[in-house]
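Participant: I have a structure here, written as structure tokens, and I will follow up with some questions on it.
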Amino acid sequence: MLRELISEDEFLHAACHVPLQKVNWQLAQNKGIDVFIRRDDLVDEHLSGNKFYKLFYNLHAAKEIGCKTIVSFGGAHSNHLYALAAAGHRFGFNTVGVIRGERPAQLTATLRDANAWGMQLHFVSRSMYRDKLSSELQQCLRAAYGDFFEIPEGGANLYGLMGAKVLGWAIQEQLKADYTSVCLASGTGNTLAGLSLGLGSQHQDQSSISKAIGFSVLKGAGDLGKSIAMQQRSADKIVNNWCLISGYHGGGYGKKLTPALSKFNRHFELETQIPLDPVYTVKMCWGVSQLIQQQYWPIGSRLVLVHTGGLQGRRGYRY
Ligand SMILES: *Cc1c(COP(=O)(O)O)cnc(C)c1O
């Protein structure tokens, strides 16, 4: 069934009505910390999590210039391609997913769904994928799909950042600025860059604790901090209310969980009844648990964890 793209007003409204739940978590209670989780995984059945925000202005931009085809990039379990395919199906865009690696004998659950929603899957070698902006690949895509609107891997462009900024703004609205830190998982850092702009700059207190804390899921987050500052500069301004924490990637992107992380995952889900995804949110929660134990936040702090979604990726993941 084809629907109109939601308007910006509807988008802002949806962002302000995402459930903010108190987390029943003994560990935090013992240290005198209040923890809330923003269930952005529940914002929609398929177009959910932070990808809901990152895609919004991208879809509008494609529509505005009259482009019916959207091309983007990702791996075989990509939450971004999954959300894009769902959006294309719903709002009437043709979508093409350029996938890293050879076509497997059997598609992953993610790609099966994307394909069923009409996304055309275009497999390229890893070396070709690394060089995704090469004129060779671009020409090949133009020849195959005609004119298209291109969204980078993970939806990480200026439109993505503008959408993520709304996420930060909505948190500020919901809590009337009464929180200590907002915690989230970071891959490209695009969501952190936008969200921290939306939270606004740090001025009401002298606290050295950042308002927005990104837990990098990449091993060797190297230039991620620089990249975030650059993304913000391209938007409007740089704010210094955020930081990146990189010790909790648990072996790296998409890797099988270490025994410690896997055990944490089981206990956290059992105790709090909040389902986590194995690539992003579990690492953020694990990092938060470690920092709470280290008394990183003073007694009486109020934390907001952002559930950025990704639960579709649990299928086919061996824990
Ligand atoms: C894509 C994704 C992220 C990372 O977002 P970035 O903007 O790339 O930092 C975090 N969590 C989930 C569940 C995701 O799917």
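Participant: Do we have residue 177 as closer than 22 Å to residue 22 by Cα, among the small types (Gly, Ala, Ser) and at pLDDT below 95 here?
Facilitator: Yes.
Participant: In segment 292-316, which residue that is buried (at least 20 other Cβ atoms within 10 Å of the Cβ) and part of a helix (DSSP H, G or I) is nearest to the ligand (Cβ to nearest atom)?
Facilitator: For segment 292-316, the residue satisfying everything is 313.
Participant: Within segment 176-203, how many residues turn out to be over 24 Å from residue 282 (Cα atoms), in contact (Cβ under 8 Å) with a residue 40 or more places away in the chain and among the hydrophobic types (A, V, I, L, M, F, W, C)?
Facilitator: Final tally of qualifying residues: 1.
Participant: Out of the residues in segment 55-78 meeting the condition of being out of contact with any Leu (no Cβ under 9 Å at 6 or more places or on another chain) and of a type outside the set (Ser, Thr, Tyr), tell me which one is nearest to the ligand (Cβ to nearest atom). Break it down stepwise before answering.
Facilitator: Going through segment 55-78, the residues out of contact with any Leu (no Cβ under 9 Å at 6 or more places or on another chain) turn out to be 61-62, 64-69.
Now drop any that are not of a type outside the set (Ser, Thr, Tyr), which leaves 61-62, 64-68.
Numbers: 61: 18, 62: 19, 64: 23, 65: 24, 66: 27, 67: 23, 68: 25 Å.
Residue satisfying both the conditions and the ranking: 61.
Participant: Quick one: in segment 235-257, which of the residues that are away from the ligand (no atom under 14 Å from the Cβ) and in contact (Cβ under 8 Å) with a residue 60 or more places away in the chain is nearest to residue 208 (Cα to Cα)?
Facilitator: Per the stated criteria, the residue is 257.
Participant: Do the conditions hold for residue 141, that is, is it within 23 Å of residue 310 (Cα to Cα), in a helix (DSSP H, G or I) and either hydroxyl-bearing (Ser, Thr, Tyr) or modelled with pLDDT of 95 or more (or both)? Outline the logic, then answer.
Facilitator: Numbers: within 23 Å of residue 310 (Cα to Cα): no; in a helix (DSSP H, G or I): yes; either hydroxyl-bearing (Ser, Thr, Tyr) or modelled with pLDDT of 95 or more (or both): yes.
No; evaluated as a whole, the condition is false for this residue.
Participant: Restrict the check to segment 268-284 and report whether at least one residue is modelled with pLDDT under 95, more than 23 Å from residue 212 (Cβ to Cβ) and away from the ligand (no atom under 14 Å from the Cβ).
Facilitator: No, segment 268-284 contains no residue that is modelled with pLDDT under 95, more than 23 Å from residue 212 (Cβ to Cβ) and away from the ligand (no atom under 14 Å from the Cβ).
Participant: Could I ask something else about it? In the set 176, 211, 165, 237, which member is among the basic types (Lys, Arg) and in contact with a strand residue (DSSP E or B) (Cβ under 8 Å, 6 or more places away or on another chain)?
Facilitator: Testing whether each residue is among the basic types (Lys, Arg) and in contact with a strand residue (DSSP E or B) (Cβ under 8 Å, 6 or more places away or on another chain) leaves just 211.
Participant: Inside segment 23-115, counting only helices (runs of 4 or more DSSP H) that do not spill past its ends, which hold 2 or more residues that are in contact (Cβ under 8 Å) with a residue 40 or more places away in the chain, within 18 Å of the chain's Cα centre (by Cα) and closer than 30 Å to residue 289 by Cα?
Facilitator: On the way: elements: 26-30, 50-64, 79-91.
Of the helices (runs of 4 or more DSSP H) lying wholly inside segment 23-115, those with at least 2 residues that are in contact (Cβ under 8 Å) with a residue 40 or more places away in the chain, within 18 Å of the chain's Cα centre (by Cα) and closer than 30 Å to residue 289 by Cα span 50-64, 79-91.
Participant: Filter segment 1-25 down to the residues that are exposed (fewer than 10 other Cβ atoms within 10 Å of the Cβ) and in contact with a helix residue (DSSP H, G or I) (Cβ under 8 Å, 6 or more places away or on another chain) and list them by number.
Facilitator: Correct list: 1, 2, 3.
Participant: Another question about this same structure. Please enumerate the residues belonging to segment 171-199 that are assigned to a helix (DSSP H, G or I) and away from the ligand (no atom under 16 Å from the Cβ). Walk me through how you get there before you give the answer.
Facilitator: Step one: list which residues in segment 171-199 are assigned to a helix (DSSP H, G or I), which gives 171-175, 190-199.
Answer for segment 171-199, where residues must be assigned to a helix (DSSP H, G or I) and away from the ligand (no atom under 16 Å from the Cβ): 172, 173, 174, 175.
Participant: Looking only at segment 200-211, decide whether some residue is buried (at least 18 other Cβ atoms within 10 Å of the Cβ), within 30 Å of residue 264 (Cβ to Cβ) and within 16 Å of the chain's Cα centre (by Cα).
Facilitator: No, segment 200-211 contains no residue that is buried (at least 18 other Cβ atoms within 10 Å of the Cβ), within 30 Å of residue 264 (Cβ to Cβ) and within 16 Å of the chain's Cα centre (by Cα).
Participant: Would you say residue 287 is in contact with a helix residue (DSSP H, G or I) (Cβ under 8 Å, 6 or more places away or on another chain) and either away from the ligand (no atom under 15 Å from the Cβ) or assigned to a helix (DSSP H, G or I) (or both)?
Facilitator: Numbers: in contact with a helix residue (DSSP H, G or I) (Cβ under 8 Å, 6 or more places away or on another chain): no; either away from the ligand (no atom under 15 Å from the Cβ) or assigned to a helix (DSSP H, G or I) (or both): yes.
Judged against the criteria, residue 287 is not a match.
Participant: Is there any pair with a first residue in segment 258-269 that is closer than 12 Å to residue 289 by Cβ and a second that is among the polar types (S, T, N, Q) whose Cβ atoms are under 9 Å apart and which are 6 or more apart or on different chains, and what are they?
Facilitator: 264/289; 268/289
Participant: Name the residues in segment 116-138 that are in contact (Cβ under 8 Å) with a residue 40 or more places away in the chain and in a helix (DSSP H, G or I), would you?
Facilitator: 129
Participant: When you go through (1) within 13 Å of the ligand (Cβ to nearest atom); (2) closer than 15 Å to residue 307 by Cβ; (3) not in a helix (DSSP H, G or I) one by one for residue 218, which number turns out not to apply?
Facilitator: Tallying (1) within 13 Å of the ligand (Cβ to nearest atom); (2) closer than 15 Å to residue 307 by Cβ; (3) not in a helix (DSSP H, G or I), residue 218 fails exactly one: (2).
The values are calculated or read from the model by the stated rules, or taken from the named source; none is laboratory data. Quick caveat: nothing in here was measured; it's all calculated off a predicted structure. Neighbour counts are summed over all protein chains in view; Cβ atoms, including those assigned to glycine, are modelled from backbone coordinates with ideal geometry.
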